[in-house]
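The values are calculated or read from the model by the stated rules, or taken from the named source; none is laboratory data. What you see is a predicted model; the values in this text were computed from it and never measured. Positions of Cβ are generated from backbone atoms using ideal geometry, with glycine treated the same way; all protein chains shown enter the neighbour counts.
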Amino acid sequence: MGYYVGRRLLEVVPTLFLIVTIVFFLVYIVGDPVALMLGENATPERIAAIRDAMGLDDPLPVQYWHYIVSAVTGDFGDSYQYHEPALAIVLERLPATLMLAVGSIVLALVIAIPMGVWAAMHRGGAVDHLVSSISVVAKAVPTFWLGIMLIMLFSVNLGWLPVSGSGTWAHLALPMITLGTGTAAEITRLVRSSMVEILGQDYIRTAYGKGLRESFVVFKHGFSNAFIPVASITVLQFSALLGGALVTESVFAWPGLGQLLVKAVTQRDMPIVQAAVFVVAVMVIGLSILSDISFKLVDRRINLD
Amino acid sequence: MTESIGLPRAGTPARSRKALRNIPFPAIVGMVLLIVPAFVAIFAPWIMPHDPAAIDPSRALIPPLPFEGSDPAYLLGTDNLGRDMLSRLIDGSRISLLVGVLGVVLAGTIGLAAGLLAGYYGRFVDAAIMRLVDALLAIPGILLILVILGVVKPGLTTLVVVLGLTNWVVYARQIRAEVLEIRERLFVEAAKNFGVSHTRILLRHITPNVMPTFIVLSTLSVATIIITESSLSFLGLGVQPPDVSWGLMLTSGRDYITNAWWLSTLPGLAIAGTVLGILLLGDWLRDTLDPRLGV
């Protein structure tokens, strides 16, 4: 176990290294950081002075080395807009995004598990078709458009919930529904297919044969075995969900990473962008390792090698 | 899923023909949902009732037909600048679908090549490609796209390239997994013994066998790419005016949600309808061509 954890942690290093390298090449080779920083009206002298100060006239390997060293120490430079360390600004915005993401996942699970189980219990019937139709439609609807439609219905026409902003639970409701819908659809399909497979097995028939109650068989015998695949897909969804959060935040003016990032991209504030990519990558990778380890602890049948 | 791996592959011609004869209802719905925008996109110049770019403030915000204050000349109403919604939706279908198709062509080509190479050659090639795949999977696609759009000027070409470069990963993973299994089969072994070159084995013997998976993945990718394009255009980083796309139309619609619902509702319906069509068709294709991909 300890060996496994150590190996997984070691595997993270090349992956993170590669991500940092990709971002370096994008910013320093494809784009010109000084031109990005100063905009189009800068004089050639000023550009030259800044290039010199930033070490951009050094040979590429030297620049790359400096970049890697700073990245390892978490120093992505100061934001061009806020003149503060980029990583600190990103970390300050992170909790709002996480709150939204976690809220959406919880909501998605609360909807998806009963729906998926219900559909699997009535495989091929009307309920199954209804659940399948709802989930495929939910997958097809673009997140941000769903957000706008929800605002139109619940905020503008019914006046039940605030249009945008943050601070109270009411502010969280619409963004959470917006972001959770697609994930719920994905998980519903998965719960359904795992449950269909499990409910067709012999031990389930035996359990019924013993005269156990249906709800007991389905949840205790059935769903507890579907739990691990469902949980691991939920973890995989987290990366996509963070991506969706970036867009959802823009719709609802939710003060998280997404808003910060979209503004940073339009303002060409690359230190913020780099720090955000790094933080998100560390989170996604960390979560996947953590989930692998905890699944192993829950289910001894899982072979980690 | 694992049980069927050793069985002969489904998707033989006889089976496919039989499946074609009884197409399930959702797939038919999917086809209809897809044929309409495809037809509209192809024949756009001939079926647009008005010039989609013609601005006329005097006829701004006319509601769609059955609603009060509508004008029969503008079936789906007009936008905040008095431009005809129907004509703009028709015009927008071209860019939305074109970006989707071109993005998939690019992503599919890169992903197919990467998956074939990684799966067939193994060792160092495999390790290098799969590390890159892992790294890219750790970043949400849209975040990577935002990084690239931070340094490159947004526009149609940029958009297609960026979408292609961020969506090939799914192909690479799945196709690699298939190739790992196919390369162990007897016909590949036989070809090797006959002295057939690696390139030829890859192209003539292995590629046709991963095609069902490739087609299924492509339908799903078109859906993803169309949604991503609309999200980026909505954020102001995708399609740039004067070009029109459904996502871009939504941006201006957002400011009018209190008094002109059709501005944001109609383009969203167009996106959702098209994507739904693709997903329904994709599900059917998966069940028909490659049952191993799903349950």
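Quick notes on this one:
- Condition met for A:PRO61 (on the phi < 0 side of the Ramachandran plot and assigned by TED's automatic domain parsing to the domain that holds A:LEU261): no
- Scanning segment A:261-298 for residues that are buried (at least 23 other Cβ atoms within 10 Å of the Cβ) and farther than 19 Å from A:ALA240 by Cβ yields A:ALA264, A:VAL265, A:ASP269, A:MET270, A:PRO271, A:ILE272, A:VAL273, A:GLN274, A:ALA275.
Each row is one residue, and each column tells you yes or no for (1) at the interface with chain A (Cβ under 10 Å from one of its Cβ atoms); (2) in a helix (DSSP H, G or I); (3) under 20 Å from the mean Cα position of the chain (by Cα); (4) touching a residue at least 40 places away in the same chain (Cβ under 8 Å).
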| residue | (1), (2), (3), (4) |
| --- | --- |
| B:PRO241 | no, no, no, no |
| B:LEU250 | yes, yes, yes, no |
| B:ALA260 | no, no, no, yes |
| B:PRO267 | yes, yes, yes, yes |
| B:ALA272 | yes, yes, yes, no |
| B:VAL275 | yes, yes, yes, yes |
| B:LEU279 | yes, yes, yes, yes |
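- Only one of the listed residues (B:ALA113, B:ALA41, B:ALA19) is at pLDDT below 75, out of contact with any Phe, Trp or Tyr (no Cβ under 7 Å at 6 or more places or on another chain), surrounded by 12 or more Cβ atoms within 10 Å (Cβ to Cβ) and aliphatic (A, V, I, L, M). That residue is B:ALA19.
- Given (1) more than 27 Å from A:SER135 (Cα to Cα); (2) away from every other protein chain (no Cβ under 12 Å), number of the condition A:SER232 does not satisfy: (1)
Yes or no, residue by residue, for (1) facing chain B (nearest Cβ under 10 Å); (2) within 11 Å of the chain's Cα centre (by Cα); (3) more than 19 Å from A:VAL72 (Cβ to Cβ); (4) in contact (Cβ under 8 Å) with a residue 24 or more places away in the chain:
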site: A:ALA245; (1), (2), (3), (4): yes, yes, yes, yes
site: A:SER250; (1), (2), (3), (4): yes, no, yes, yes
site: A:GLY256; (1), (2), (3), (4): no, no, yes, yes
site: A:LEU261; (1), (2), (3), (4): yes, no, yes, no
site: A:VAL265; (1), (2), (3), (4): yes, no, yes, no
site: A:ILE272; (1), (2), (3), (4): yes, no, no, yes
site: A:VAL277; (1), (2), (3), (4): yes, no, no, yes
site: A:VAL282; (1), (2), (3), (4): yes, no, no, yes
site: A:LYS296; (1), (2), (3), (4): no, no, yes, yes
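- Every pair of residues 6+ apart whose Cβ atoms lie under 7 Å, when the first sits in segment B:183-203 and is within 20 Å of B:ALA118 (Cβ to Cβ) while the second is among the small types (Gly, Ala, Ser): B:ARG183/B:GLY119; B:ILE201/B:ALA191
- Single match in B:PRO52, B:PRO72, B:PRO64 (criterion: under 16 Å from B:TRP261 (Cβ atoms) and not in a strand (DSSP E or B)): B:PRO64
- Residue within segment A:121-128 that is in a helix (DSSP H, G or I), in contact (Cβ under 8 Å) with a residue 24 or more places away in the chain, over 24 Å from B:THR224 (Cα atoms) and more than 13 Å from chain B (Cβ to nearest Cβ) present: yes
- Condition check for A:VAL136: within 14 Å of another protein chain (Cβ to nearest Cβ), modelled with pLDDT under 90 and assigned to a helix (DSSP H, G or I): yes
- Some residue of segment A:72-79 being out of contact with any Gly (no Cβ under 6 Å at 6 or more places or on another chain) and on the phi > 0 side of the Ramachandran plot: yes
- Any hit, segment B:185-194, residues being at positive phi and not in a helix (DSSP H, G or I): no
- Test: residue in segment B:186-209 that is within 14 Å of another protein chain (Cβ to nearest Cβ) and among the aliphatic types (A, V, I, L, M): no
- No other residue among A:PHE24, A:PHE76, A:PHE17 is modelled with pLDDT of 75 or more and in a loop (DSSP other than H, G, I, E, B) apart from A:PHE76.
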